[in-house]
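Trainee: My questions will all concern the structure given below.
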Amino acid sequence: MSPGRRWRANGAPAEDSVRPHVLWLPPAEVIDYFRQVREVLAPYEDIVAPVADDNLHWTIQGALSHDYADERVGPRQLKDAADALRTELAEQEPFTVDIGPFALSRSAVLARVWPHDVPADPPLHLNLRVRDGLTNAGLVLPEATEAYFPHMSAAYGKVDTHYLAQMDRADSLASVLLRRARHHVTTRVDSVWLVMETQHPDRSTYTFERVQELPLGRRTTAGS
């Protein structure tokens with residue numbers, strides 16, 4: 001996890017490593033899919049840190065640790081965010097995605113999340129609705145530096161692979177992924193979670209505390 005990825009600046013309070021996020025948390029079949037690639041990653045744990053089952057996620061959108069009033073995000077802001085998100089997500093119907101195959105990026109081993117029904121792009125629409133909900137609740141979003149790229153990470157980089165020895169290891173891992181991790185899994189997205197996510201640069205990973213599950217679409221009761 002390179003310094004460029006780290007949320008907390010040098011000298012900033014530890015609380016700046018904790019931020020609100022909206023995540024999709026995978027069901028059993030997706031967790032099993034990631035367990036398979038973890039076996040491929042095992043010989044490369046000198047350069048990557050595999051993500052544990054409980055920490056697997058697809059990031060829909062994150063926000064900063066302070067709101068527009070410059071108050072640290074706490075229970076009140078999270079309640080407002082959950083309410084605003086619930087309103088936005090009522091208009092987003094559940095959808096199906098394909099996850100995978102795996103590839104090595106500059107800082108992680110990841111599997112892209114693809115819309116199953118092309119040309120529709122529900123992952124992008126979900127991101128836009130979540131952004132609107134968080135903004136309407138008064139949370140501050142990081143400045144977008146590139147187009148939204150839905151993905152799940154199987155491992156995060158631990159070292160700078162620009163040096164020759166690490167470059168060779170990274171090339172070897174990329175080759176192994178091409179040979180042994182080219183399959184994908186299909187799954188359904190029918191809810192997301194509002195969480196408080198913590199970045200752990202010393203462990204090259206993220207953990208999160210669940211706050212509220214938020215269903216997609218308008219759920220009706222029997223007889224209505």
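Bear in mind these aren't lab numbers, they're just calculated from the coordinates by the rules spelled out. Model, not experiment: these values are computed from the prediction. Don't worry about glycine lacking a Cβ; one is built from the backbone with ideal geometry, like all the others, and counts go over all protein chains shown.
Trainee: What does the convex hull of the Cα atoms come to per residue for the range 1-96, in Å³?
Mentor: 149
Trainee: In whole Hz, what ³J(HN,Hα) sequence does the range 24-31 give by Karplus (6.51, -1.76, 1.60; θ = phi - 60°), x for Gly and Pro?
Mentor: 9, 9, x, x, 4, 5, 6, 4
Trainee: Still on this model: Which percent of Cα pairs goes in each bin when the distances of the range 40-147 are cut into 5 angstrom slices starting at zero?
Mentor: 2, 10, 16, 17, 17, 16, 13, 7, 2, 0
Trainee: Remind me, what semi-axes does the range 66-108 give for its equivalent ellipsoid, largest first in whole Å, using sqrt of 5 times each Cα gyration tensor eigenvalue?
Mentor: Output for the range 66-108: semi-axes of 31, 21, 7 Å.
Trainee: Also, I was wondering about something else. What nm distance separates the two modelled labels at Ala103 and Glu91, each placed 7 Å from Cα along Cα→Cβ?
Mentor: 3.2
Trainee: Short version: ³J(HN,Hα) in whole Hz for each residue of the range 128-133, in order, from phi by Karplus 6.51 cos²θ - 1.76 cosθ + 1.60 (θ = phi - 60°), x for Gly and Pro, what are they?
Mentor: In residue order, the calculated couplings are 5, 5, 5, 4, 4, x Hz.
Trainee: Further question on the same structure: Tell me, what is a quarter of the convex hull surface for the C-alpha atoms of the range 95-224, in nm² with one decimal?
Mentor: Averaged projected hull area, Cα only: 11.3 nm².
Trainee: Okay, next question. Taking only the Cα atoms of the chain, how large is their convex hull per residue, in Å³?
Mentor: Given the Cα convex hull of the chain, per-residue volume reads 136 Å³.
Trainee: Could you pull out every residue, at least 5 positions away or on a different chain, whose amide H is within less than 5 Å of the one on Phe95? Hs are placed 1.01 Å off N in the peptide plane, and Pro or chain starts have none.
Mentor: Answer set, sorted by chain and number: Val189.
Trainee: So how much slack lies between Asp121 and Leu64, counting 0.36 nm per residue of separation and subtracting their Cα-Cα distance, in nm?
Mentor: Gain on extension, Asp121 to Leu64, equals 17.9 nm.
Trainee: Size of the range 138-215 along its principal axes in angstrom, Cα-based, largest extent first?
Mentor: For the range 138-215, the Cα spread along each principal axis is 46, 31, 25 Å.
Trainee: So, one more: Once amide H atoms are built 1.01 Å from N in the peptide plane, which residues 5 or more positions from His66, or in another chain, come under 5 Å H to H?
Mentor: The answer is Val73.
Trainee: While we're looking at this one, here's another question. By how many nm would the segment from Gln212 to Thr198 grow when fully extended, if each residue of separation counts as 0.36 nm and the alpha-carbon distance is taken off?
Mentor: Extra length from Gln212 to Thr198 when fully extended: 3.4 nm.
Trainee: From the helices alone, meaning DSSP H stretches of at least four residues, give me the mean residue ellipticity at 222 nm for the chain, per-run term -39500 (n - 2.57), in deg cm²/dmol to the nearest 500.
Mentor: -9000 deg cm²/dmol
Trainee: Could you estimate the translational diffusion coefficient of the range 81-136 from the Stokes-Einstein equation, with Rh from the Kirkwood formula over C-alpha pairs, at 10 °C and 1.306 mPa s, in whole µm²/s?
Mentor: This corresponds to a translational diffusion coefficient of 124 µm²/s.
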